[in-house]
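We did not get these values from a lab; they are worked out from the coordinates using the rules stated. Every value quoted in this text rests on a predicted model; they were computed, and no experiment measured them. Note: ideal-geometry Cβ built from the backbone for every residue, glycine included; neighbour counts use all protein chains shown.
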Amino acid sequence: MSSVTGSPPAVLRRDELDRLLDAIRRRGFRLVGPVLKDGAIVYGDISSAADLPAGWTDEQDAGTYRVRRRDDQALFGYNVGPQSWKKYLFPAVARLGVPDAGDAAEPERFAFIGVRACELRAIAIQDRVFTGGRHPDPGYAANREGAFLVAVNCGQAAKTCFCTSMSAGPKAEQGFDLALTELLDSGGHRFLAEAGTARGAEVLAELITGGAASPAPASDVAAADAVSERTAAAMERSMPAIDLRDLLYDNLEHPRWDDVAERCLACGNCTMVCPTCFCFSVEEVPDLTGAADERQRSWDSCFTLDHSYLHGGPVRTSTRSRYRQWMTHKLATWQDQFGTSGCVGCGRCIAWCPVGIDITEEVAAIAADD
Amino acid sequence: MRTLAEASAERPWTESPPWQVAASRPESHDTMTLELEPPAPFGFEPGQFNMLRVPGIGEVPISISGDPSRPGPVLHTIRDVGAVTHALCALRPGQRVGVRGPYGTCWPVREAEGGDVIIVAGGIGLPPLRPAIYHVLANRELYGRLVLLYGARTPSDLLFTGELAAWRSRPGVTVEVTVDTAGRDWHGGVGVVPDLIGKSAFDPRAAVAFTVGPEIMMRFAVRALLAAGVPEDRVFLSMERNMQCAGALCGHCQLGPFLLCRDGPVLGYRQLARWMSVREL
Amino acid sequence: MQQMIERMLSQHEFFAGMDAEYRALIAGCARNAVFGDGSFLFREGEPAQTFYLVREGAVALEITAPGGVLTVQTVGTGEVAGFSWLFGPHRWQFDGRAVGRVHAVELDGVCLRAKCDADPRLGYDLMQRFAGLATRRLQATRLQLMDVYGHAHAG
């Protein structure tokens, strides 16, 4: 029973999934979900379940990401890839400023299909950054408001995942309109669907009325719970269960920073794949007519020298200082700035670091002789 | 006077409507004061800043350097150090500049009531302190001594020299000026600003100190203030980092746990102490 | 060990001409110290209760600000690093960093101050040496400040 809406969970057969997607699309949403492209599972427009990476999984480890065929046809049998939903909520390049009254374009209404628990947490974290302060960002707010979120509870954990130790998964608890758990067993290929909001419940009710879904038997609810428990137990990495804020504040000159600086390329991959990294630069948009009054914002990274530019030079010149900035911000100073951790344990930074730097390992090394 | 919340709630952070330059005045060989006419009533607290934008070139944070109790044009004192500040220093009356603000925390002038106020300024650090000086002078009976200790590299770098003389002549006001190096024409002090602190007469027990200048100067000034008996929680500094959105959104102005556009630029020494000497923070 | 330290003190310029008896007293507050290239002898802001006789190598006095680290002075073989132990609030004003491998004698300021309190003649001798050192440092700093290689007279 969903505690938010009081509506009971439903079960939806695999071949009825398109009815769910249609119901959402009919309500005026642009469907976006996981697609296999160029050897990775990324996010793109989808029109039906046929666009999802059926029968694919990912194998991830430090500095490694590969897709591989599964021996079943699971639609969500993988974890997270190099992209996150910030691709849509906080696009890499966006015009700044209030649109003209004459501009007829309505903001896009997105439906995100397949949002993992760690990603729900990441969206909530960015919500706080972009809309929870004194100066809410209208661009983010426009994309975020009304976005329809269909979460998926992970059926497996990648080696890089550590959401359990960040209390951010693997089960989706809040922040979704609908949450699906994929079940593939003797009962057939189906989805347990739970509503998290009134409009999610309304979609489910419509599916039930239309015969595409039916109330879920207790055995399916139990099977779904078992999926999440199994996933949680399978997680190999974890962030040490200590006060990260105190640890990092007390160790700003720890020799481990020198050690990681010898490996880090300052390439910034981690900041691009991280679902919570939000730094952006504000740029004037050049205009040949000289009537320049446009500005844009584009993703920036604290690994660039320009990021800390002041009085003719950067404050953080060494790679050491820039890696320290990224990690202490993500795990420690973010708490003072925004009241939460900046990390959700998705493990993307570990997989996509070309040299395989592992944030959990770096913390453990500093904690070891604290 | 509008509150900060009212001002920012009315329009998104991305908007910087043009204000007209009412007057411009050189203060030294590389520093100008621009008087900008707000299109609507504008209020600010001493220590706050505006973001000034030259379309096509960029936008920078500039401390408001005028009198907070006076309506009319809003003063900004700007040093020419880069492309945007160069363009701002070149503006003349009648031209326009994008403005949004005010942003940031302010000098705790109310907390300072009842005691001496020590102002320690280095170089371009004096403009962000001037509004606090005006406030103390306009509310003289609420404060004890006003002690202004100001230094610059050479005599030609000193700002607001006419006002310094006028302030010095007021009762209960001490003004000591020093430069790092000077030629024979200079008849004033030569030496570093922090050294002026130990030589000044003030009651440290109830004093509040505000300091702005190059970071190294501020660290030495704080040491001298603490050595003189000013309590740690009564010393305030204005810090600077790369600033772009001024709305606590873009992540650039971080100094450890502080977002300077929101938690600063004015910060108490007690909060800052553990972060101040960390290299490349 | 004590004899080795006494010998090091006798070889160091700073204690040239000091009574052997006082040198022995001071050696009781001293120990041998070696610092690897780039390591810090002391950090700005930390409690300062020691000073260093540099026997071999150099110590760079550094201070940090946005834009980089400034080296204000280097203290070399035969010289002394550290004044902050003498007077309150006993905190280092600069970072001291080893340039190359540094061999030094580290002196315990608390121990020394106690011995000076007990024997003011020792205190007077030590203060004279430090006063001389500080005066020479001051004159050198004034010369540095004049920026004689830079542009012509300011002002």
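The mean sequence separation of alpha-carbon pairs under 8 Å and at least six residues apart, normalised by the residue count of chain C, gives a relative contact order of 27 percent. Here the label points at B:ALA227 and B:ASP203, each 7 Å from Cα along the C-beta direction, are separated by 2.5 nm in the simple model.
For the Cα atoms of chain A, what angle does the longest principal axis make with the long axis of helix A:319-328, in degrees from 0 to 90, nearest 10? That works out to roughly 40 degrees. Here B:LEU164 and C:MET4 are evaluated by their C-beta separation; at R0 = 41 Å the FRET efficiency comes out at 0.10. At q = 0.18, 0.22 Å⁻¹, what is the base-10 log of I(q)/I(0) for the stretch A:244-368 according to the Debye formula with one equal point scatterer per Cα and no solvent? Please give it to two decimals. Summing over Cα pairs of the stretch A:244-368 leads to -1.01, -1.43.
Extension gain, A:GLU361 to A:ASP18, is 119.3 nm, computed as 0.36 nm per intervening residue step minus the present C-alpha separation. When you restrict to C-alpha pairs under 8 Å that are six or more residues apart and normalise by the size of chain B, the relative contact order lands at 17 percent.
Distance from the alpha carbon centroid of the stretch A:136-175 to that of the stretch A:277-320 works out to 29 angstrom.
The magnitude of the dipole of the protein assembly as shown, with charges of +1 and -1 set on the Cβ of Lys/Arg and Asp/Glu and taken from the Cα centre, is near 880 debye.
Dividing the C-alpha radius of gyration of chain A by 2.2 N^0.38 Å, with N its residue count, gives 1.04. Cβ crowding within 10 Å ranks B:GLU141, B:GLU215, B:GLU59, A:GLU262 as B:GLU141, A:GLU262, B:GLU215, B:GLU59, fewest other Cβ atoms first.
Computed from Cα positions, the angle between helix A:198-209 and the longest principal axis of chain A comes to roughly 30 degrees. When chain A is treated as a GNM with alpha-carbon contacts under 10 Å, the residue of A:HIS329, A:HIS254, A:HIS135 showing the greatest mean-square fluctuation is A:HIS135.
Once the Cα atoms of helix A:218-233 and of chain A are each reduced to a long axis, what angle between those two axes, in degrees from 0 to 90 to the nearest 10, is obtained? Long axis of A:218-233 versus the principal axis of chain A: about 20 degrees. Shown here: the protein assembly as shown, whose C-alpha atoms stretch 100, 75, 49 Å along the first, second and third principal axes, sorted largest to smallest.
Residue-wise HN-Hα couplings along the stretch A:342-356, as the Karplus relation 6.51 cos²θ - 1.76 cosθ + 1.60 with θ = phi - 60° gives them from phi, are x, 10, 10, x, 6, x, 4, 4, 6, 5, 8, 6, x, 10, x Hz; Gly and Pro carry x. Charging the Cβ of each Asp and Glu at -1 and of each Lys and Arg at +1, and nothing else, the dipole of the stretch C:2-145 about its Cα centre rounds to 180 debye. For the stretch A:10-233, the Cβ-based charge dipole about the Cα centre amounts to some 380 debye (Lys, Arg positive; Asp, Glu negative; other atoms uncharged). When chain A is treated as a GNM with alpha-carbon contacts under 10 Å, the residue of A:PRO217, A:PRO91, A:PRO354 showing the greatest mean-square fluctuation is A:PRO217.
For a modelled paramagnetic label at A:ALA222, 7 Å from Cα along Cα-to-Cβ, no residue of the stretch A:153-181 is in reach, as no backbone nitrogen comes under 12 Å. The mean sequence distance of close C-alpha pairs (under 8 Å, at least 6 residues apart), as a share of the length of chain A, puts its relative contact order at 22 percent. Of the residues B:PHE210, B:PHE258, the one with the fewest other Cβ atoms within 10 Å heads the list, and the complete ranking is B:PHE258, B:PHE210.
According to the Cα-based calculation, Rg over Rh for chain B is 0.95, with Rh computed by the Kirkwood formula. Only beta bridges with both residues in the stretch A:100-234 are counted; by DSSP, about 50 percent of them are antiparallel. For chain A, modelled as a GNM with alpha-carbon contacts under 10 angstrom, which of A:ALA172, A:ALA261, A:ALA222 fluctuates the most? Top of the fluctuation ranking is A:ALA222.
Per the Kirkwood treatment, what hydrodynamic radius in Å, one decimal, follows for the stretch C:1-143 from the mean inverse distance over all distinct Cα pairs? Result for the stretch C:1-143 stands at 15.6 Å. Expressed as a fraction of 2.2 N^0.38 Å, the C-alpha radius of gyration for the stretch B:4-103 is 0.99. Remark: A:CYS163, B:CYS250 ranked as B:CYS250, A:CYS163, counting other beta-carbon atoms within 10 Å and listing the fewest first.
For chain B, B:CYS89, B:CYS106, B:CYS253, B:CYS261 stand unpaired, since no other cysteine beta carbon lies under 4.7 Å from theirs. In terms of Cα atoms, the Rg and Dmax of the stretch B:165-281 work out to 16.7, 51 Å. Think of it as helices only: each DSSP H run of n ≥ 4 in chain B is worth -39500 (n - 2.57), and spread over all residues that comes to -6500 deg cm²/dmol at 222 nm.
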